[in-house]
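A short write-up of the structure that comes next.
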Amino acid sequence: MLLDVQNLETWYGPIAAMKGVNLTVAEGRITAVLGANGAGKTTLLNTLAGVVDPFKGKVLFEGVEVQGLDADAVARRGLVLVPEGRQVYPFLSVRDNLMMGAFARRDRDAIARDIERVHQWFPRLKERDTQHAGLLSGGEQQMVAIGRAYLSAPKLLMLDEPSLGLSPMLTQEIFTIIRRIRDETGTAVLVVEQNAAVALKHGDDGYIMELGRIVAADTCAALSEKEDVREAYLGGGGGEGLSGTAQRWKRRKTWR
Ligand code: ATP
């Protein structure tokens with residue numbers, strides 16, 4: 001296993017945001033964590049990335065314990081987070097934003113090759129190379145954020161809610177590129193999403209998180225066939241509804 005999370009627990013003061021979380025990510029696969037607002041998805045990624053420290057539990061990355069390490073130490077090992085809300089450097093050009101991802105790398109040829117790859121995945125970023133990233137649309141900023149993370153040579157790319165604020169079409173486009181990144185480079189992906197339909201469609205393995213706990217785990221294909229998952233997460237009809245937009249969560253449910 002590339003990533004093996006064992007009994008992870010994170011608190012904010014008196015609030016347990018995440019408890020008893022067990023999860024694995026295999027090499028070369030897209031693992032999706034689904035959950036409503038406040039389920040603990042961001043807490044999970046921030047804990048894995050070293051942004052917040054867990055109260056207990058283990059995070060084994062390539063067999064080595066990384067829980068409690070600083071965020072930059074975790075990133076240097078190849079566990080790289082694209083945070084929610086993109087967070088590009090607005091006054092730097094698109095090119096400089098991408099290069100920020102590569103700041104710790106020395107191999108100029110490899111960096112140039114990776115920029116080339118990012119331009120193939122996101123041709124719009126090539127067109128906007130010299131523009132300030134803050135002037136781009138939300139979708140384009142998401143592309144910059146993913147590109148910048150890729151430039152830091154991740155072994156596991158962690159994406160926090162990449163669909164947030166994007167149109168259904170752009171969301172599909174972003175997820176299609178996430179799959180291309182996996183297919184063309186073998187990079188594993190851990191993505192957390194409220195948009196269950198899109199995550200289950202594009203992911204390989206899936207987890208469902210509610211109130212800080214994992215309540216279901218299976219392949220994404222198997223999860224999308226489950227009656228209760230369809231009912232609670234896919235709006236009952238399965239798939240993405242008539243308009244092609246994913247249905248959001250309707251209600252909380254206790255899973256057995
Ligand atoms: P969202 O999709 O809204 O980001 P989420 O599934 O990522 O939701 P988290 O942001 O991880 O959920 O939040 C999990 C729980 O922890 C929520 O109850 C939230 O209110 C609480 N929480 C998150 N951040 C903090 C914080 N800095 N201080 C206190 N409580 C927090």
Matching residues, the range 187-196, being in contact with a Gly (Cβ under 9 Å, 6 or more places away or on another chain) and part of a loop (DSSP other than H, G, I, E, B): T187, Q194
Report yes if some residue within the range 64-80 is buried (at least 17 other Cβ atoms within 10 Å of the Cβ) and in a helix (DSSP H, G or I); otherwise report no. yes
Among residues of the range 184-232, those that are within 15 Å of the ligand (Cβ to nearest atom), surrounded by fewer than 23 Cβ atoms within 10 Å (Cβ to Cβ) and of a type in the set (S, T, Y), counted: 0
It is to be established whether one or more residues within the range 52-61 are assigned to a loop (DSSP other than H, G, I, E, B), at positive phi, within 16 Å of the ligand (Cβ to nearest atom) and surrounded by fewer than 16 Cβ atoms within 10 Å (Cβ to Cβ). no
Reported set for the range 70-90 where residues are closer than 20 Å to H132 by Cβ and of a type in the set (V, I, T) is V82, V88
Residues of the range 81-109 being part of a helix (DSSP H, G or I), in contact (Cβ under 8 Å) with a residue 40 or more places away in the chain and surrounded by fewer than 17 Cβ atoms within 10 Å (Cβ to Cβ), in sequence order, are M99, M100
Answer yes if at least one residue in the range 203-222 is at pLDDT 95 or above, under 25 Å from E116 (Cα atoms) and not aliphatic (A, V, I, L, M), and no otherwise. no
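If you go through the range 2-23 one residue at a time, how many are free of Cβ contacts under 8 Å to residues at least 60 places away in the same chain and either more than 12 Å from the ligand (Cβ to nearest atom) or of a type in the set (F, W, Y) (or both)? Walk me through it before giving the result.
Of the residues in the range 2-23, the ones free of Cβ contacts under 8 Å to residues at least 60 places away in the same chain are 4-15.
Still in the list and also either more than 12 Å from the ligand (Cβ to nearest atom) or of a type in the set (F, W, Y) (or both): 4-9, 11-12.
Final tally of qualifying residues: 8.
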Identify, by number, the condition in (1) without any contact (Cβ under 8 Å) to a residue 40 or more places away in the chain; (2) surrounded by 14 or more Cβ atoms within 10 Å (Cβ to Cβ) that E116 doesn't meet. (2)
Residues that are over 20 Å from P83 (Cβ atoms) and assigned to a loop (DSSP other than H, G, I, E, B), drawn from the range 160-186: S167, G186
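The values are calculated or read from the model by the stated rules, or taken from the named source; none is laboratory data. Since we're looking at a predicted model, the values are computed, not measured. Virtual Cβ from ideal backbone geometry, glycine too; neighbours counted across all protein chains shown.
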